[in-house]
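Notes to accompany the following structure.
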Amino acid sequence: MAAPFFPVREILFDLRSPQCLSGISIGLVISLMVVVIEISFAAMIFSGPLEAHAQRGMGLTLTGTLILVAVTSLFSGFRPVVNISQDAPTAIFAGAAAGIAAVMGAGHTHEAFITVVAALALSTLATALLFLLAGRFRLAEYARFMPYPVVAGFLAGTGWLLTKGSLEVMTGLSLHWNSLPRLLDSQVALLWLPGAAYAAALLACLRRWSHFLILPGSMAAAFVLCHGALLLFGLDMAAAREMGFFFATFSAGSVWPAFSPADLSQVQWSAVLSHLPTLAIIPFISLLGLLLNTGGMELASRRDLDLNKELLVNGGGNALAALAGAPAGYSALSLSMLGFKTGADTRI
């Protein structure tokens, strides 16, 4: 009988080793963080006029990340790698999604949702193609010639898009110069100030300490403080939801499946093509993000990784994620290092 496929053999070995418990424990911590992150990305894409589709959007981001994690966990050269739909492509696509809704004139319709999904799948498929071509022709080494101002501009621009998107998610406002004064309204400020305070506290902690448990620990602390504040002010979940602090209630059936192949006949391709220049940026931003994060994993773990192989693995994962209408993704540096730093150096 043929020998089992080597990643499976490796996992079976780890299940019988001391790695098993640590791998499962850290995997559960990471999974809770990933769920929060991916729900946030869905809320960012499907905000404003597209807010009615946020619940189905969660199905897209969670399913896409499930696919990405499964593929890279099996085939990546870095055993504890965590590959998720990422912030940079999501932040860029959120602008395109809003533009598509504006072109169609009615973001709440099913046609608008399926058109945004088609644009999302197209950008992820293009990302997969670029990854596969770069890996196939061994172009990863050319990342050394990327100028520092370009990298810094990429990081700064992504940070701004995420800041803008997070404020729009928290407040429900579409941010532009005319809407900025509304952020100071007492009812609106109550929605974004807690999030801003959490971000400031997290930034202060990360600037002072460098520890892998800061991010998951801060999420847990923020969760407890949020619900503690609700009890302190005598607010129940229904009242807090009405004020805009929580998502509306929904059933699991509204999350997945988010669409069917028959729905593709309702795609308004003219709206997608009108935002093709924005969609075309996403593969290159994702390529840069993947190479930066992989280089960071090499530095932090003091291991040499085959960048071209990582491109091929990430390309395969994105090709499958595109079929689910998910955002583009690649290896996450902090989440991948969480397992490694805690001794859970395993694909489990």
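The values are calculated or read from the model by the stated rules, or taken from the named source; none is laboratory data. Since this is a predicted model, take the numbers as computed values, not measurements. Reconstructed Cβ throughout: ideal geometry from the backbone, glycine too, with neighbour counts over all protein chains shown. In case anyone asks, the SASA skips ligands and DNA or RNA and just uses the protein heavy atoms, side chains included. Shrake-Rupley method; radii C 1.70, N 1.55, O 1.52, S 1.80 Å.
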Here is a check on your reading of the model: is Leu62 at pLDDT 90 or above, touching a helix residue (DSSP H, G or I) at 6+ places or on another chain (Cβ under 6 Å), under 20 Å from Pro277 (Cβ atoms) and open to solvent by 30 Å² or more (accessible area, probe 1.4 Å)?
no
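Here is a yes/no grid of residues against (1) in contact (Cβ under 8 Å) with a residue 24 or more places away in the chain; (2) farther than 30 Å from Ala101 by Cβ:
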{"position": "Phe6", "(1), (2)": "no, yes"}
{"position": "Arg9", "(1), (2)": "no, yes"}
{"position": "Leu12", "(1), (2)": "no, yes"}
{"position": "Leu15", "(1), (2)": "yes, yes"}
{"position": "Gly23", "(1), (2)": "yes, yes"}
{"position": "Ile26", "(1), (2)": "yes, yes"}
{"position": "Glu38", "(1), (2)": "yes, no"}
{"position": "Phe46", "(1), (2)": "yes, no"}
{"position": "Glu51", "(1), (2)": "yes, no"}
Among the residues of the stretch 170-193, which ones are closer than 19 Å to Leu230 by Cβ and exposed (fewer than 13 other Cβ atoms within 10 Å of the Cβ)?
Ser186, Gln187, Leu193
Give Ser17, Ser25 a once-over and let me know the one that is over 30 Å from Gly172 (Cα atoms), modelled with pLDDT under 85 and in a helix (DSSP H, G or I).
Ser25
Looking at the stretch 194-217 only, could you name the residues that are modelled with pLDDT of 85 or more and open to solvent by less than 90 Å² (accessible area, probe 1.4 Å)?
Pro194, Gly195, Ala196, Ala197, Tyr198, Ala199, Ala200, Ala201, Leu202, Ala204, Cys205
When only residues in the stretch 263-291 that are in contact with a strand residue (DSSP E or B) (Cβ under 7 Å, 6 or more places away or on another chain) and not aliphatic (A, V, I, L, M) count, which is modelled with the lowest pLDDT?
Gly289
Pick from the stretch 292-312, criterion open to solvent by 70 Å² or more (accessible area, probe 1.4 Å) and either in a helix (DSSP H, G or I) or small (Gly, Ala, Ser) (or both), ranking: modelled with the lowest pLDDT
Leu299
Selection from the stretch 77-107 of residues that are free of Cβ contacts under 8 Å to residues at least 60 places away in the same chain, open to solvent by 40 Å² or more (accessible area, probe 1.4 Å) and in a helix (DSSP H, G or I)
Ala102
Say whether the condition of being outside any helix (DSSP H, G or I), of a type in the set (Gly, Ala, Ser) and touching a Gly at 6+ places or on another chain (Cβ under 8 Å) is met by at least one residue in the stretch 203-216.
no
Which is among the hydroxyl-bearing types (Ser, Thr, Tyr), farther than 23 Å from Leu312 by Cβ and either crowded, with 17+ Cβ neighbours inside 10 Å or in contact with a helix residue (DSSP H, G or I) (Cβ under 8 Å, 6 or more places away or on another chain) (or both), of Ser40, Ser25?
Ser40
What is the residue count in the stretch 108-156 for residues that are in a helix (DSSP H, G or I), open to solvent by 30 Å² or more (accessible area, probe 1.4 Å) and either among the small types (Gly, Ala, Ser) or under 19 Å from Leu60 (Cβ atoms) (or both)?
9
If Ala248 meets every condition in (1) at pLDDT 80 or above; (2) of a type in the set (A, V, I, L, M); (3) loosely packed, with under 14 Cβ neighbours inside 10 Å apart from one, which number is that one?
(1)
